[in-house]
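Read-outs: derived from the displayed coordinates by stated rules, not from any lab. Just so it is clear, the structure is predicted and the values come from calculations on it, not from any experiment. Here Cβ is always computed from backbone atoms with ideal geometry, including for glycine, and neighbour counts include all displayed protein chains.
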Amino acid sequence: MIDTLFHGGPILQGERMAEGLALAVANGRITWIGPVADAPAAARRVDLAGRMLLPGFIDVQVNGGGGVLFNDSQDTATLRTIVAAHARFGTTGLLPTLISDRIEVFDAGIQAVEAAIAAGVPGVLGIHLEGPYLSEARRGIHPAEQLARPGPEAASRLTALRGGKTLITLAPEVTGTDFVRELGAAGALVSLGHTEADAMQIQAALTAGARGFTHLFNAMPALLNRSPGPVGAALNDRNAWCGLIVDGFHVDPLVLRIALACRPLDRFLLVTDAMALVGDADGTFAFNGETITVEQGCPRSPDGVLAGSALDMASAVRNSIDQLGLSLPQAVAMASSAPAAFLGLEDQLGQLAPGLRANLVVARAGLAIDQTWIDGNPAFLGDESELVL
């Protein structure tokens, strides 16, 4: 007998919402999808009541949530809080992200993620180290005193995580391309960001193994007619992955629509870059000794610098539909199958298909999230629905 059967609403299958199907889960994986009339017996049944069943969202850039920041506390309890905060908005897998800091903080973060994965904390897929090898001119909210250049042991320390993915954001003009190769050889994924590099330096880094771009357009020079820079190199490349923050603050929607028209849609992925107050329109939190103020969903430092976001992934998908003109399946893919493929986890996550992990989202119209399931277990039941046993 299977563990759980979902039925009674449209199920996302590729590029269409399919009616009349049911989805079965056993031992944390999707085991069957087919006509409701042929559904196997189940220990519990979840009636979607007309709501949508979508693949769980994956966020590769999560600085915090639930009122906490990973930079402030590197331990399993913090990671549980962050995961729970993002599960409310459909995120079933994420990379806890450290902003540029002392190498000892990075060491502690790697150890915390390794411990969380070993303890089975749901949804932790690895770690994202955003820095400290970044351009000072494009550092954004990253503390200037924490920026550095890689030393002889940097690659081995940054790639010490076992049991999860390691993503490292760097500026190639700061590290050089040999360091990009060294990180790749050690199993890390390299993303280019917070950079002043010209297009030739960017292309050299991509040739050396860099996989994509961290929050394209932000913390990098604009595309100019005689200076294409990182943006021009990214839009000209058909294979590199590009993260986008679709919150209406970081990048004008018109610019994003132009970007989507330039290259394959399946090479774009949504990220939140969320800080402590994910999903909150207003509030304050502390970062690096400063008070960050969130007003109408936009966090800024006292001097007006964007300080990550308060964006949640459900809103990012919704904004991609409303502001960028994408269809629901296209927008969901940018939050599920695209980041799964970027991480090299497309055989495990990102779609609703037999054999894949049962990371699921139950959503109403307008992408209001009612339920989030991670590996076949409920991580968020916002509708307080009673599962039929």
Q: Taking the Cα centre of segment 259-312 as origin, sum charge times position over the Cβ atoms of Lys and Arg (+1) and Asp and Glu (-1), and report the length of that vector in debye to the nearest 20.
A: 300
Q.
Among 261, 144, 379, which one shows the highest mean-square fluctuation when the chain is modelled as a Gaussian network with alpha-carbon springs under 10 Å?
A. 261
Q: For helix 253-262, report the angle its Cα long axis makes with the longest principal axis of the Cα atoms of the chain; keep it between 0 and 90° and round to the nearest 10°.
A: 90
Q: Quote to one decimal, in nm, the extra length available between residue 16 and residue 76 on full extension: 0.36 nm per residue of separation minus the C-alpha distance between them.
A: 17.8 nm
Q | Cα-only radius of gyration and Dmax that characterise segment 111-160, units Å | A | 13.9, 40
Q: Tell me the label-point distance for the pair residue 37, residue 265, using the 7 Å Cα-to-Cβ offset, in nm and rounded to one decimal.
A: 3.3
Q | Quarter of the Cα convex hull surface for segment 272-389, i.e. its orientation-mean projected area (nm²) | A | 9.6
Q | Point-to-point label distance, residue 383-residue 136, nm (Cα→Cβ direction, 7 Å offset) | A | 5.5
Q: Grab the beta carbon distance between residue 118 and residue 160, set R0 = 22 Å, and tell me the FRET efficiency rounded to 0.05.
A: 0.95
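Given an 8 Å cut-off on Cα distances and at least 6 residues of separation, report the relative contact order of segment 217-308 as a percent.
RCO, segment 217-308: 18 percent.
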Q. On average, how much area does the Cα convex hull of segment 77-204 cover when viewed from any direction, in nm²?
A. 8.1
Q: Note down the magnitude of the dipole of the chain about its Cα centre, charges +1 on Lys and Arg C-beta and -1 on Asp and Glu C-beta and zero elsewhere, to the nearest 20 debye.
A: 800
Q. How big is D for segment 57-342, in µm² s⁻¹ as a whole number, if Stokes-Einstein is applied with the Kirkwood radius of its Cα pairs at 20 °C and 1.002 mPa s?
A. 116
Q. Kirkwood Rh over Cα pairs of segment 167-284 into Stokes-Einstein at 4 °C, 1.567 mPa s: D in µm²/s?
A. 88
Q) Pick from 93, 279, 164: which is most flexible by mean-square fluctuation in a GNM of the chain where alpha carbon atoms under 10 Å apart are linked? A) 164
Q: Report, for the chain, the % of DSSP beta bridges that are antiparallel, rounded to 5.
A: 55
Q | Descending semi-axes in whole angstrom, ellipsoid equivalent of segment 167-211, from the Cα gyration tensor | A | 15, 10, 8
Q | segment 57-342, relative contact order [Cα under 8 Å, separation at least 6], % | A | 17
Q: Estimate the FRET efficiency between residue 348 and residue 291 by the formula 1/(1 + (r/R0)^6), using the beta-carbon distance for r and 56 Å for R0, to the nearest 0.05.
A: 0.90
